[in-house]
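Step one of this worksheet: look at the structure below.
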Amino acid sequence: CTPNHRVLTKKGFDYALLANEIGMPIIEPYVKEKNLIKARLLGYLLGDGWLTKNQAGGFAGSPTDLEKIKEDLEVLGYKTGKISSRKTTSTIKNVAGKLVNVKGITTSINFSRKAARFFSELGAPIGRRSEKIFSIPNWIKNAPNEIKAEFLAGLMGADGTKIKVNKNIKTDFNPIR
């Protein structure tokens, strides 16, 4: 950052050039332990994935995310198809409740039927999630914090939004949706 950039210190905000005792985030490595992968992938699946009644499934997302997902699935012993992109048109309801047509490009990857059964057994819902009532599986709820953190990382990595300052109250932030 620039020398006059303000950063948070133990004593409040100060210029980077003058700042002492700056808080640093903990940087965790991308862990390849199978239980953490299962939790991370289940979270991502709930955000930007799908399972169908005929035991098919896949993930959508950025090519970089999908490469990591492909690697994670391989660690668990499951096969995937190639990462592919296609032009899409969707009708969505915006925050104000208005229907809006959105054009874009969707990048996705499909996984094997064996993987689809695996995710179903982990508690992933089959079919349209927006039309079903489901909850986070107990094995996640009762898991150690490390597994819960990976689940949330997958979920928020898939569907989280960047936190923004509230337009009406400048000292408040909009919630994560």
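The values are calculated or read from the model by the stated rules, or taken from the named source; none is laboratory data. Everything quoted here is computed from the prediction, not taken from an experiment. Heads up, the Cβs are rebuilt from the backbone with ideal geometry, glycines too, and the neighbour counts pull from every protein chain shown. We work out accessible area using only protein heavy atoms, side chains counted, and drop any ligands, DNA or RNA first. Shrake-Rupley method; radii C 1.70, N 1.55, O 1.52, S 1.80 Å.
Of the peptides 58-67, 74-83, 92-101, 1-10, the order by per-residue mean of other Cβ atoms within 10 Å, starting with the highest, comes out as 58-67, 74-83, 1-10, 92-101.
For segment 1-147, with every protein chain kept in place, what is the accessible area per residue (1.4 Å probe, Å²)? Write down the numbers at each step before the final one.
Details: 10210 Å² over 147 residues.
Roughly 69 Å² per residue, with all protein chains present.
Net charge dipole, segment 1-141: roughly 680 debye, given to the nearest 20, about the Cα centre with Cβ charges of +1 for Lys and Arg and -1 for Asp and Glu. Here's how it looks for Leu51: its modeled amide H is under 5 Å from those of Gly127, which are all 5 or more places away or on a different chain.
Hey, any idea what % of the chain's accessible area is carbon plus sulfur with a 1.4 Å probe? Each step should come with its number before you reach the end.
Working: 6970 of 12660 Å².
Looking at the chain in its full context, I get 55 percent from C and S.
Sorted on the mean count of surrounding Cβ atoms within 10 Å across their residues, most packed first, peptides 37-47, 125-135 read 37-47, 125-135. Based on C-alpha pairs under 8 angstrom that are at least 6 apart in sequence, the chain has a relative contact order of 25 percent. Size check on the chain: the Cα extents along the three principal axes, sorted descending, read 60, 43, 31 Å. Angle check, please: helix 145-159 long axis (alpha carbons) against the longest principal axis of the chain (alpha carbons), in degrees 0 to 90, nearest 10. Long axis of 145-159 versus the principal axis of the chain: about 80 degrees.
Among Ile169, Leu66, Phe134, which residue has its Cα furthest toward the positive end of the charge dipole of the chain, with +1 on Lys/Arg Cβ and -1 on Asp/Glu Cβ? Comparing the listed Cα positions along the dipole, Phe134 ranks first. Fully extending the segment from Lys53 to Met156, taken as 0.36 nm per residue of separation minus the present Cα-Cα distance, adds 34.5 nm. Taking the C-alpha atoms only, the angle from helix 63-75 to the longest principal axis of the chain is near 60 degrees.
Helix 34-48 and the longest principal axis of the C-alpha atoms of the chain enclose an angle of approximately 90°. Between Asp14 and Thr64, the contour length at 0.36 nm per residue exceeds the alpha carbon distance by 14.5 nm.
Rg(Cα) of segment 1-103 divided by 2.2 N^0.38 Å? Can you show the working numbers first?
Working: Rg = 21.0 Å, N = 103, 2.2 N^0.38 = 12.8 Å.
The reported ratio for this selection is 1.64.
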